[in-house]
1. Using a simple charge model, +1 on the beta-carbon of Lys and Arg, -1 on the beta-carbon of Asp and Glu, nothing else, what dipole does the stretch 124-288 show about its Cα centre, in debye to the nearest 20?
2. Subtract the Cα-Cα distance of Lys245 and Asp126 from 0.36 nm times their separation in residues, and report this length gain in nm to one decimal.
3. I'd like the distance separating the alpha-carbon centroids of the stretch 21-69 and the stretch 203-282, in whole Å.
4. Which one of Pro128, Thr139, Gln188 is farthest out on the positive end of the charge dipole of the stretch 124-288, using unit charges on Cβ (Lys, Arg +1; Asp, Glu -1) and the Cα centre as origin?
5. How far is it, in nm, from the label point at Arg19 to the one at Glu152 when both lie 7 Å from their Cα along the line to the Cβ?
6. Kirkwood hydrodynamic radius (Cα pairs, Å) of the stretch 17-86?
7. If you bin every alpha carbon distance in the stretch 57-102 into 5 Å steps from zero, what whole percent lands in each bin?
8. Towards the positive end of the charge dipole of the chain, with charges on Cβ (+1 Lys, Arg; -1 Asp, Glu), say which of Ala315, Ala108, Ile52 has the farthest Cα.
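No value in this document is a laboratory result; all are computed from the given coordinates. Small disclaimer: the values here were computed from a predicted structure and weren't measured. As a convention, Cβ positions derive from the backbone with ideal geometry for all residues, glycine included, and neighbour counts pool all protein chains shown.
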Amino acid sequence: MLILAVDTSCDDTSASVVRDGRAILSNVVSSQNAIHLKYGGIVPELASRQHIEKILPVVDAALAAAGVKLPDINAIAFTYGPGLIGSLIIGACFAKSISFTQNIPLIAVNHLEGHINSVFLEHAPDYPFLSLVVSGGHTSIYLVNAPDEYEELARTRDDAAGEAYDKVAKMLGLGYPGGPAIDRLAAQGNPKFIAFPRSNMKGSDDFSFSGLKTSVLYYIKNHGDSQKADIAASFQAAVIDVLIKRTIDIALQRDVKTITIAGGVAANSELRRMFTSAASNSAIELLLPSPVLCTDNAAMIAAAAYHSYLKGDFADFSVNPRSNLPVGR
């Protein structure tokens, strides 16, 4: 069973063909980083225009790489939220057009559920498991009890971890995207150079990164940024410490034996290294998607769509994109 999926949730245009929700036959991603670099962040209007230009050649490339044609496809899936509304509309309209002209089922997928399901493209976790979804727009911990059964146990109260990375990178003059830039620079620095605060929401497992971001800002104002590598390493250590401790504490409290991590920040090399060590020390199985499957891609959308296909949970042409879309909706 073949699913063609498209993802235009933010600034990357992606298309993928996946067999039986697990085997990736193709996964093509067209990045817009070079376009948004000079603005220091994503410009939604530019992102939408690029999706219009790129979606057809990206889908053609995905079909060619998979060695299939549209009549071979059993369903087409698309991201209908959350994300930038202009970007989402491009993918939704394209998928609806393919569904209508080819008379194949249409599946609407929550982008966050795509991230959660990205682990199934390379692993086979047993239910229940915890999924830490950590990206530029989201930082949440979900208990995944079964396919399409999610319970949010913790979330950020303000900035997402990836958003904090981008903002601190901008303070340090590292450009956009900030996450990979800080990851590279932090490898040269001392993570214990500055004791930046670790958030602790009393009575809650939720995250908060705005205070950390502000602490970095005032440190730079008071001391300058001549030691950028040490600042980057100290900031990153504060983020990673909180992500790991909170997730493992919840896993131990709930007696959950498996943790997965997804989202763009899950590609961070230090987070992967430190989380692997901490999980091993706690006798918890940690399953990490490959870095290319952590950032936005259409293969994860196809993986999530597979569950809908098996249940016959198809969308009609009245479904509209939603910029804000909780998991499970």
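1. Details: 17 positive and 19 negative charges, 140 e Å.
Rounded to the nearest 20 debye, it is 680 debye.
2. Details: separation 119, 0.36 × 119 = 42.84 nm, distance 2.22 nm.
Once the chain is fully extended between Lys245 and Asp126, it gains 40.6 nm.
3. Cα centroid to Cα centroid, the span is 29 Å.
4. The Cα lying farthest towards the positive end belongs to Gln188.
5. Here the modelled spin labels are 3.7 nm apart.
6. Working: mean 1/r = 0.0716 Å⁻¹.
About 14.0 Å for the stretch 17-86.
7. 5, 20, 26, 25, 16, 8, 1
8. Sorting the options by dipole projection puts first Ile52.
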